[in-house]
Each structure stands twice: as C-alpha cells, then as structure tokens.
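The values are calculated or read from the model by the stated rules, or taken from the named source; none is laboratory data. Remember, it's a predicted structure, so these values are computed and weren't measured experimentally. Methodologically, a virtual Cβ is constructed for each residue, glycine included, from the backbone with ideal geometry; neighbour enumeration extends over all protein chains shown. Accessible surface is based on the protein model in full, side chains and every heavy atom, while ligands, DNA and RNA are left aside. Shrake-Rupley method; radii C 1.70, N 1.55, O 1.52, S 1.80 Å.
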Amino acid sequence: MAEQPVNILETEALSRHYGGVIALSKVNLEVRSGQISSLIGPNGAGKTTLFNCVTGLDKPTIGKVRFSGRYITGLRPDEVTGLGIARTFQNIRLFSELTVLDNVKIGRHPRTSSSFLGSVLRTARQKQEEKEIIDAAMEMLNFVGLGDISEQKAGNLSYGDQRRVEIARALATQPTLLLLDEPAAGMNPQETQELIDLIYTIREQGISVLLIEHDMKLVMKISDWVSVLDHGEKISTGIPADVQNDERVIAAYLGTSDDA
C-alpha cells in the first residue's frame, strides 16, 4: 500500500477578527509534505491574513497552527522562521538600494550564530561565518538563475527578477515550507512559466510549497492540492479538477459563462 502524505502544516479552526470584521472563520487547512498546494479566493477572502497568522505577523483570535507536529500559534516571526517556514509577500519587500547579494544575505542571518561583539571585533569565527553567508546567498541566487547579477542594485531589476530575489532570500533561511503570496503578480507569460519551473525545482529539493495566487491557469497546472476561501471561510478543498468544477467555487470566484 502506498504511503500517505504527511501534513507539514495544519490550521485548526483558525479565526481572526478585527473588531466586528471576521477575516478568518474557523478555517481548517492542511498542507501535505512534499506537495505544491494553493490557496485561492476573491480579494478580501482572508488568504494573506491566514499567511500572517501562520508566520507570526498576526495572532489568531482563536484556533491553532501546527507545523511539523508542533503547535506554533503565537510564536514570533523569527521563531517561526527558525523552525523552517519562510515566506514572500504580495508587495515586494526588497531593499532597493542594496545589491541583490546583500538582500539575499539578509535572509541568511537568522541561521548565523556570531555575537554582536564578535561582529564588531571581526573575530576569526565571525569572518568565517560571513564567508559562509556569502557562499550560501550566492548558492541561492544561482539556484533561481540570478547569480550573474548579484552586484546589481535590487531596485534596478525587472519585476520578475525582483520576485526571484525575494524567493532566493526566503530560501536562504533553509525552510522546509515556503509560502508564496501572489508570486506571479505582474509577470508576463514568459516570466510566469519560468516561475512555474522554479517552483517545481523548489519542490524537488524537498521543500513543500503553499501559494496564494490569482492566476488560475498557473494554479490548476502546478497544484497537487487546492483550498478555497470566501469571506474568511473555507468553501472547498481537493485536487485542482474537483475544485475547478465545484459549484460553490464557480459562484464565489471563478465566475460562470452566464455572468454579465
């Protein structure tokens, strides 16, 4: 009998209220290890709020988050990163005046151990660790295909390449789960295909992926599993073909041929 996939991430009745506004309502979500999962839904459905609750940028009103069998609800973002969850953002958050390499090096620093005093005094240990940071950052840049432009300022890159830098920075934290918030937003068809190829390659490295995405062609092509939110509630989950044909999803998000 084939071994069933293990859930690397689970949310249990995850809810987030902002005063009288319910952004998430009792959402049970599962992300299976070794798979590419997608989270879709209309604008305002609660997708990014869920990401924020998982990564510690926001705290659930009620409910729990479990990662690799451990409850992580309420942990700080740096603690969540240290456990192996990395993310990108809907709006690119790069330091535009820094080089591409320096942006990715920032992602590596949570995995370092040099003390503040060691950094000031430039001890042998600190120098060795700095070399390891540079090497690891370059490895990630080569992995995403940007090693040859490592010394360019991040702000001078195309939109698609900036997305790749952000992914490289996330990968520099050595995650086992990568959360991508609308990674294809603003990309042309060629860049989108290159992104698809990159996500497949990331999965081949043993990293599970959960992405928020509005490009339905991308979602249906790349996903092993799809979950759908609408008004903060999960309304459907399953393989892409089943979700695509779910009447609730069609009504809430994908639209119908009868729409004006």
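Per 0.36 nm of contour for each residue apart, how much would the distance between Ser68 and Glu97 grow if the chain were fully extended, relative to their Cα-Cα spacing?
6.8 nm
Could you report the accessible area of Arg163 in Å², rounded to 10, computed with a 1.4 Å probe on the protein chains as they sit in the structure?
Accessible area, nearest 10 Å²: 10 Å².
How far is the Cα center of the range 149-188 from the Cα center of the range 211-238, in Å?
Result: 21 Å between the Cα centres.
Any idea how far apart Gln205 and Gln174 come out in nm if each label point goes 7 Å out from Cα toward Cβ?
Those two pseudo-labels are separated by 1.3 nm.
Rounded to the nearest 5, what % of the DSSP beta bridges within the chain are antiparallel ones?
Of the beta bridges lying entirely in the chain, close to 55 percent run antiparallel.
Between His231 and Ser33, 0.36 nm times their residue separation minus their Cα-Cα distance comes to what? Provide the component values of the computation, followed by the final result.
On the way: separation 198, 0.36 × 198 = 71.28 nm, distance 2.71 nm.
So the extension gain works out to 68.6 nm.
Would you work out if the chain is rounded, prolate or oblate? Take a ≥ b ≥ c from the square roots of the eigenvalues of the alpha-carbon gyration tensor; rounded if a/c is under 1.5, else prolate when a/b is larger than b/c, oblate otherwise.
Since a/c reaches 1.5 and a/b is larger than b/c, the shape of the chain is classed as prolate.
Summing -39500 (n - 2.57) over the DSSP H runs of n ≥ 4 in the chain and dividing by its residue number, what mean residue ellipticity at 222 nm do you reach, to the nearest 500 deg cm²/dmol?
Only helices count here, giving -10500 deg cm²/dmol.
For Arg76, Arg203, what's the largest-to-smallest order of accessible area, 1.4 Å probe?
Arg76, Arg203
Simple spin-label model, 7 Å along Cα-to-Cβ: Ala185 to Thr61 in nm?
Spacing of the two 7 Å Cα→Cβ label points: 2.4 nm.
Given points 7 Å out from each Cα along the Cα-Cβ axis, report the His214 to Arg248 separation in nanometres with one decimal.
Computed distance between label sites His214 and Arg248 equals 2.4 nm.
For the chain, what is the charge dipole size about the Cα centre, in debye to the nearest 20, if Lys and Arg each add +1 at the Cβ and Asp and Glu each add -1 at the Cβ?
1020
Roughly what percent of Cα-Cα pairs across the range 112-250 reach past 24 Å?
It works out to 45 percent of all Cα pairs.
How much of the accessible area of the range 191-236, in percent, comes from carbon and sulfur atoms when a 1.4 Å probe is used? Before the final figure, lay out each step's value.
On the way: 830 of 1830 Å².
Solvent-exposed carbon and sulfur of the range 191-236 make up 45 percent of the total.
If you put +1 on each Lys and Arg Cβ and -1 on each Asp and Glu Cβ, how big is the dipole of the range 158-237 around its Cα centre, in Debye rounded to 20? Don't skip to the end; give the middle numbers.
Details: 7 positive and 13 negative charges, 30 e Å.
Dipole of the range 158-237, to the nearest 20 debye: 140 debye.
Counting only other residues whose beta carbon sits under 12 Å from that of Ser15, what net charge do I get with K and R as +1, D and E as -1?
+2
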